[in-house]
1. If I take every Cα pair under 8 Å that is 6 or more residues apart in the chain, average their sequence separation and divide by the length, what percent do I get for the relative contact order?
2. Would you mind putting 124-137, 12-25 in packing order, based on average other-beta-carbon counts within 10 Å, highest first?
3. Order these peptides, 52-60, 73-81, by their mean beta-carbon neighbour count within 10 angstrom, highest first.
4. Please list, ordered by chain and number, the residues whose modelled amide H lies under 5 Å from the amide H of L202; skip anything fewer than 5 residues away on the same chain.
5. Sort T163, T246 by Cβ crowding within 10 Å, fewest neighbours at the top.
6. Hey, which of these cross-link pairs are over 26 Å Cα-Cα: K125/K149; K98/K208; K4/K200; K14/K128; K48/K128; K14/K119?
7. Taking H placed 1.01 Å from N in the peptide plane, check which residues at least 5 places from H18 or on another chain put their amide H under 5 Å from its amide H.
8. Could you give the length gained by full extension between Q190 and K149, i.e. 0.36 nm per residue of separation minus their alpha carbon distance, to one decimal place?
Amino acid sequence: MNFKLTQIPTRMLKPRQHGITMVMDKGLSIEETKNFLSVAHPHIDIIKLGFGTSFVTPNLREKIEVYQSYDLPVYFGGTLFEAFLIRNQFEDYISVCKEYGIAHMEVSDGSITIPHAEKCGYIEKLTKYGMVLSEVGSKDAEHIIPPYKWIELMRAELNAGATYVIAEAREAGNVGIYRGSGEVREGLVQEILTQIPAEKILWEAPQKAQQLYFIELIGCNVNLGNIAPTEVIAMEAMRVGLRGDTFHLFLNKETSR
């Protein structure tokens, strides 16, 4: 940090096991990537190349190498995994990950239906090639999953070998753990947390109000994902109480006037 302030909450140090920030890259150019990382890289833990953008991104290998030069793991969005799977190209997906030096993989079923035992089988298979993040929740706003089912699915996917389970929200933050308005389904979130350890859940939280909710609920070391590149610094300031929304959150009561 650039100067000393007391009463700043302690952030986990990199490489972090929790308190991670996952950034979604939806199509940055090579130069934009370099500029973004020159400022934000200390506060990023993992990069997701959103949905299927990696298929159409020019100079993909060069971009991945830029991220890896900062020791930042990169993974392809779960939609790309599903695109390979529905075309019966699971082995090709593994080959592509190897070809590009990708050692983190997302297993999701937000766009297609996969029997859950089969999904857990893919998670187990992919753990042989690297770290697996599995996503729970549908991209269909009409498909409401009850809390007990979220818990059941998350527990099974962690048991299958996923390092983190991702709570689905899409890049807009308006499905899954959120209502269409972006409001958090608080009862759902709090029930999940009675059974699944917070440090094993990566909450997709693209909107500021959503990030604030989880920082207030879990603390500065909550796992947050789908963060826009332009919001990384602002969110890190919010994590440690240096944004108006969290200004008083970590202050002692006698000094919080």
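Just so it is clear, none of the values below were taken in a lab; they were calculated from the coordinates. In this text the structure is predicted, and so the values were computed from the model without any measurement. Here the Cβ is made from the backbone with ideal geometry for all residues, glycine too, and neighbour counts use every protein chain on show.
1. Working: 425 pairs, mean separation 52.6, N = 257.
20 percent.
2. The peptides rank, most packed first, as 124-137, 12-25.
3. Ranking, from highest mean packing down: 73-81, 52-60.
4. V165, I166, A167
5. Final ranking by Cβ density, sparse to dense: T163, T246.
6. Numbers: K125/K149 23 Å; K98/K208 35 Å; K4/K200 31 Å; K14/K128 24 Å; K48/K128 20 Å; K14/K119 30 Å.
Violating the 26 Å Cα-Cα cut-off are K98/K208; K4/K200; K14/K119.
7. Answer set, sorted by chain and number: none.
8. Gain on stretching Q190 to K149: 13.4 nm.
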